[in-house]
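Remarks on the structure that follows.
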Amino acid sequence: MMIFDELINKQVKAMAPSGIRKFFDIASSKEGVISLGVGEPDFITPYHIREAAMHAIKNGKTFYTANLGLLELRQEICNYYLRRFDLNYSPTDECMVTVGGSEAIDIVLRALLNEGDEVILPTPSYVAYAPIVEMAKGKVIELTMKEESGFKLKREELQKAITDKTKAIVINFPSNPTGGIMEYDDYLELVDLIKENNILVISDEIYAELTYDKKHVSIANIPELKENTIIINGFSKAYSMTGYRIGYILAEKQLIRMFNKIHQYTIMCACTSSQFAAIAAAKNGDKDIEEMYTSFKQRRNYIVKELNRIGLKTHLPEGAFYVFPSIKSTNMTSNEFCEALLDKENLALVPGSAFGKDGEGYVRISYAYSLDEIKQAIERLERFLKSL
Ligand SMILES: Cc1ncc(COP(=O)(O)O)c(C=O)c1O
């Protein structure tokens, strides 16, 4: 019998499975569970987008595309970024199409990091960044974003985290899991630190279309920082296209050339029919974004009001589709809280600790679920809190 254990890469063996998936797996194996665990819009992809994918398949568009993706798609992505966020990128050499934002995060970090390079990670943060930095032999330097500061990245904290080994910082605004956003003036305070220390900013803007009260600002909107910024975005969240697996990178052309080297050997190109669907989305999907946005905003307002009413102090998220209530008043760890809630009330949430040590004392609730499910979840949560 083979001893596989000896054959597996040490880092992969040491990698903890995603804390989100763990709860999701338990939830799906139990009857009657309501899960507000997963960050996936509940809308069926708008018909004209699905139709574009079907049309591509029917018409035999079933071959590889250029490694960077269909030129027409890159053109539409660049048009979209200019139209919606006032940023100008060239479709021929400053844009590449990836398999979701997920592939983009992976190839960007692998292309940049040498062993021991430090990557600053403001936390609580999306679960994929730290394991991928580590797989790329980089070192994660966590930086706390505090609730009192609206879960924003603050200059003083960034300054403390920078060393002569700092290569990049990964930011994600609007944030998964906190819903925090950054505004133009918040970014302005960071300019000299980033410039003087020659730091690259990996800006994951996958929730850019979901800012509720203020328009999304990219750090690349600060003219001096555009060349430092690598934008990662995708179609999953804005158009409810998670299964299509289309994301993209916008960055300076020398960087795109390097990212494309890894992409061409590991992926070749993103799924062709999905690329055609993405063209339809970027070209004609603004009204779909609007409709989903209106529904998410209604859910956000409802859930924040209800959570505060039942006694869980909840910061008003300004973006994305997550709330991050504090459970500190229960004196339980976030893991204990979620385990007991699932056990007693069949309600699955994600422990804040899944998003780094700064997430302890919180739970993440996704409101990418119907209002009906959210209402039932609140009833269960209220009963659970009363029983403590
Ligand atoms: C912050 C963030 N970035 C990236 C992703 C990856 O999305 P996808 O690979 O579907 O584009 C997610 C998905 O949950 C996310 O929350």
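When you check LYS30 against the structure, is it open to solvent by 90 Å² or more (accessible area, probe 1.4 Å), modelled with pLDDT under 90 and charged (D, E, K, R), yes or no? Don't jump to the end; show me each part of the working.
Details: open to solvent by 90 Å² or more (accessible area, probe 1.4 Å): no; modelled with pLDDT under 90: yes; charged (D, E, K, R): yes.
Criteria not met by LYS30.
If ASP372 satisfies every condition in (1) within 27 Å of ALA16 (Cα to Cα); (2) among the charged types (D, E, K, R); (3) free of Cβ contacts under 8 Å to residues at least 60 places away in the same chain but one, which is the exception?
Of the numbered conditions (1) within 27 Å of ALA16 (Cα to Cα); (2) among the charged types (D, E, K, R); (3) free of Cβ contacts under 8 Å to residues at least 60 places away in the same chain, the odd one out for ASP372 is (1).
From the list MET258, MET241, MET292, which one is over 25 Å from GLU209 (Cβ atoms) and of a type outside the set (Phe, Trp, Tyr)?
Working: MET241 fails: over 25 Å from GLU209 (Cβ atoms); MET292 fails: over 25 Å from GLU209 (Cβ atoms).
When all the criteria are applied, what remains is MET258.
Inside segment 372-388, can you point out the residues that are of a type outside the set (D, E, K, R) and within 30 Å of the chain's Cα centre (by Cα)? Quick ask: steps written out before the conclusion?
Step one: list which residues in segment 372-388 are of a type outside the set (D, E, K, R), which gives 374, 376-378, 381, 384-385, 387-388.
Hits for segment 372-388 are ILE374, GLN376, ALA377, ILE378, LEU381, PHE384, LEU385.
Within segment 110-124, how many residues turn out to be within 14 Å of the ligand (Cβ to nearest atom) and touching a Phe, Trp or Tyr at 6+ places or on another chain (Cβ under 8 Å)?
First, pick out the residues of segment 110-124 that are within 14 Å of the ligand (Cβ to nearest atom): 121-124.
Next, from what is left, pick out any that are touching a Phe, Trp or Tyr at 6+ places or on another chain (Cβ under 8 Å): 121, 123-124.
Count: 3.
Given the conditions (1) open to solvent by less than 40 Å² (accessible area, probe 1.4 Å); (2) closer than 23 Å to LEU87 by Cβ; (3) not in a loop (DSSP other than H, G, I, E, B), and given that LEU307 satisfies all but one, which numbered condition is not satisfied?
(2) is the only condition that LEU307 fails.
Search segment 240-263 for residues being surrounded by fewer than 17 Cβ atoms within 10 Å (Cβ to Cβ) and of a type in the set (A, V, I, L, M), and hand back the single one that is nearest to the ligand (Cβ to nearest atom).
ILE262
One line per residue, one yes/no per condition, for (1) aromatic (Phe, Trp, Tyr); (2) outside the structural domain of GLU318 (by TED's automatic domain parsing); (3) closer than 23 Å to TYR126 by Cα:
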site: GLY243; (1), (2), (3): no, yes, yes
site: ALA251; (1), (2), (3): no, yes, yes
site: LEU255; (1), (2), (3): no, yes, no
site: LYS261; (1), (2), (3): no, yes, no
site: TYR265; (1), (2), (3): yes, yes, no
site: CYS271; (1), (2), (3): no, yes, no
site: THR294; (1), (2), (3): no, no, no
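Any residue in segment 169-195 that's on the phi > 0 side of the Ramachandran plot: show its pairings with residues that are modelled with pLDDT of 95 or more and β-branched (Val, Ile, Thr) at Cβ separation under 9 Å, as long as the two are six or more apart or on different chains.
GLY179/VAL323
This table checks each residue for (1) within 16 Å of the ligand (Cβ to nearest atom); (2) open to solvent by 30 Å² or more (accessible area, probe 1.4 Å); (3) under 23 Å from LEU250 (Cα atoms); (4) in contact with a strand residue (DSSP E or B) (Cβ under 6 Å, 6 or more places away or on another chain).
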residue	(1), (2), (3), (4)
CYS95	yes, no, yes, yes
ILE107	yes, no, yes, no
TYR126	yes, yes, yes, no
MET145	yes, no, no, yes
SER175	yes, no, yes, no
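Please enumerate the residues belonging to segment 332-388 that are open to solvent by less than 40 Å² (accessible area, probe 1.4 Å), under 26 Å from LYS146 (Cα atoms) and hydroxyl-bearing (Ser, Thr, Tyr).
SER334, TYR362, SER366, TYR367
The values are calculated or read from the model by the stated rules, or taken from the named source; none is laboratory data. As the structure is a computational prediction, the values presented were derived from the model and not from experiment. With ideal geometry, Cβ positions are generated from the backbone for all residues, glycine too; neighbour counts draw on all protein chains shown. Please note that ligands, DNA and RNA were not included when accessible areas were found on the heavy atoms of the full protein model with its side chains. Shrake-Rupley method; radii C 1.70, N 1.55, O 1.52, S 1.80 Å.
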